[in-house]
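Participant: I have a structure here, written as structure tokens, and I will follow up with some questions on it.
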Amino acid sequence: MNKLYELEKESGKSKARAGFLHTDHGIIPTPVFMPVGTAGTVKAIMQRDLVELDAKIILGNTYHLYLRPNDKVINQFGGLHKFISWDGAILTDSGGYQIFSLQDMRKLTREGAAFKSHIDGSKHFFSPESVVDIQRNLGSDILMVLDECVPYPSDENYTAKSMELSLDWAKRSKERFCETSDLYGHRQFQFGIGQGGMYENQRKQYIERMIEIDFDGNAIGGLSVGEPVELMYDLTDLSTDYLPKNKPRYLMGVGTPENLLECIERGIDMFDCVLPTRNARNGQLFTSRGKINLRNSQYILSNQPIDSSLDCYASNNFSLGYLRHLFISKEILALQIATMHNLAFFLDLVRKARLHILNDTFEVWKKETIEKMRGED
RNA sequence: GGGCAGAUACCGAAGCGGUUAAACGGGGCAGACUGUAAAUCUGCUAGGGUAAUCCUUACGGAGGUUCGAAUCCUUCUCUGCCCA
């Protein structure tokens with residue numbers, strides 16, 4: 001199959017849909033959750049565990065991998081897949097989010113982003129073109145264009161200007177992508193990223209102009225940056241009204257288990273988020289009964305498994321009391337178990353969502369699942 | 001038996017006349033985390049009170065000096081080190 005996306009089924013009752021991403025590193029059923037592996041590792045667990053969890057695709061980050069070890073080094077290893085020993089698919093983010101989160105260390109111009117390394121303060125420059133080149137060296141299956149993730153709140157004028165900048169960068173990214181080719185014998189695809197801040201008209205306009213550039217897939221960026229969750233849902237809803245049906249839709253950086261279900265219902269196919277991995281390292285578990293703050297003293301004597309409803313070694317072999325002890329004692333194993341469990345939960349949730357879409361039961365199941373998760377919050 | 005040093009909140013440890021219910025660590029108790037500068041960050045941690053620039057009790061014990069003492073003096077108790 002030459003095309004990346006194959007639509008399998010639409011819900012009919014909502015905009016939820018099931019499909020496949022055809023990459024040369026596997027066929028990925030969608031909706032899909034992509035664990036974040038910024039620096040060439042999904043923190044605290046091994047690639048073997050990701051396989052066991054049936055993660056089909058993970059993220060890498062252009063900014064981080066460029067700074068360390070550098071894409072030229074990774075090129076010497078035959079690309080990121082070989083470098084990190086991962087046969088599944090990889091999507092690399094562009095560094096656009098770092099332009100946003102490391103705001104005080106960079107300067108934006110029409111040409112690109114000048115920035116200082118957060119590691120050693122050294123000066124660097126990213127252009128839309130160089131970011132494509134780096135991702136060619138990395139060899140990710142899906143590469144993201146460089147964009148400016150507009151901070152929240154931003155006024156309409158700033159957002160509009162930023163839109164022009166990001167769209168210009170998007171065009172240049174596409175051009176560079178077309179001028180270059182994959183280096184390692186597997187296909188690479190390129191996604192655009194829709195911005196527009198919190199303004200409906202700008203979101204719409206951005207998407208319309210992005211569609212013209214004709215990327216392999218379309219992302220929605222700049223959401224979940226501090227705005228009220230309902231606004232995030234509304235803008236996602238609006239976005240999927242305009243995004244083409246024959247291409248994958250990726251909501252960047254989202255979100256909580258509830259966010260995932262709400263946005264699947266609004267027609268999103270792909271998600272990534274640091275929550276399951278980061279919160280795991282910070283002692284918070286996501287379960288079918290809601291969130292658990294593991295350090296709480298109420299779990300000292302809990303003999304309950306983390307979540308026995310999951311088919312995951314970490315989730316049903318250790319008691320909450322034991323895992324709490326590991327956290328309180330700052331044992332490395334705590335991070336590993338919690339990370340594995342949280343990822344198992346997120347991946348399982350989205351897989352179930354997919355099955356329910358195929359069974360025409362998604363909407364009812366979604367409602368029940370959210371209620372259950374809220375129950376013990 | 002003699003000499004010296006010390007005793008501060010759950011623990012360690014600052015402070016050495018007023019701005020001290022007492023710095024800072026640790027521990028404890030909560031909270032946050034959404035395209036990862038995060039095994040991180042924030043708050044609380046004598047009792048009472050929703051809370052306060054409110055009340056009570058507090059820096060080994062007992063007395064004293066002073067307008068005012070964890071801080072100065074006397075004495076007692078205990079701890080460590082050194083000399084016999």
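Participant: Please go through segment A:310-340 and give me each residue that is more than 14 Å from RNA strand B (Cβ to nearest atom), open to solvent by less than 30 Å² (accessible area, probe 1.4 Å) and either among the hydroxyl-bearing types (Ser, Thr, Tyr) or in a helix (DSSP H, G or I) (or both), ordered by number.
Facilitator: A:Ala314, A:Ser315, A:Ser319
Participant: Among the residues of segment A:93-126, what is the count of those that are more than 25 Å from A:Leu223 (Cβ to Cβ), open to solvent by 10 Å² or more (accessible area, probe 1.4 Å) and among the hydroxyl-bearing types (Ser, Thr, Tyr)?
Facilitator: Total satisfying the criteria: 2.
Participant: Here is a follow-up. Exactly one condition in (1) buried (at least 18 other Cβ atoms within 10 Å of the Cβ); (2) of a type in the set (A, V, I, L, M, F, W, C); (3) over 24 Å from A:Ile27 (Cα atoms) is false for A:Trp86; which is it?
Facilitator: Result: A:Trp86 fails condition (3) only.
Participant: Further question on the same structure: Take segment A:234-265 and flag every residue that is more than 14 Å from RNA strand B (Cβ to nearest atom), in a loop (DSSP other than H, G, I, E, B) and touching a Ser or Thr at 6+ places or on another chain (Cβ under 9 Å).
Facilitator: A:Pro248, the sole residue that qualifies.
Participant: Next up: With segment A:93-211 as the region, which helices (runs of 4 or more DSSP H) entirely inside it contain at least 3 residues that are at pLDDT 95 or above and among the aromatic types (Phe, Trp, Tyr)?
Facilitator: Qualifying helices (runs of 4 or more DSSP H): A:156-179.
Participant: Assess whether A:Thr30 counts as being open to solvent by less than 50 Å² (accessible area, probe 1.4 Å) and within 15 Å of RNA strand B (Cβ to nearest atom). Can you show your working first?
Facilitator: Numbers: open to solvent by less than 50 Å² (accessible area, probe 1.4 Å): yes; within 15 Å of RNA strand B (Cβ to nearest atom): no.
When the stated conditions are applied, A:Thr30 does not pass them.
Participant: Take the residues in segment A:224-233 that are open to solvent by 10 Å² or more (accessible area, probe 1.4 Å) and near RNA strand B (Cβ under 10 Å from one of its atoms); name whichever of them is nearest to A:Val150 (Cα to Cα).
Facilitator: Only one residue fits best here, namely A:Val225.
Participant: Return the total of residues in segment A:242-267 being touching a helix residue (DSSP H, G or I) at 6+ places or on another chain (Cβ under 6 Å), closer than 21 Å to A:Arg278 by Cα and open to solvent by 30 Å² or more (accessible area, probe 1.4 Å).
Facilitator: Of the residues in segment A:242-267, 1 are touching a helix residue (DSSP H, G or I) at 6+ places or on another chain (Cβ under 6 Å), closer than 21 Å to A:Arg278 by Cα and open to solvent by 30 Å² or more (accessible area, probe 1.4 Å).
The values are calculated or read from the model by the stated rules, or taken from the named source; none is laboratory data. These numbers were taken from a predicted model, which means no experiment stands behind them. Note: ideal-geometry Cβ built from the backbone for every residue, glycine included; neighbour counts use all protein chains shown. With ligands, DNA and RNA removed, areas are computed over all heavy atoms of the protein, side chains included. Shrake-Rupley method; radii C 1.70, N 1.55, O 1.52, S 1.80 Å.
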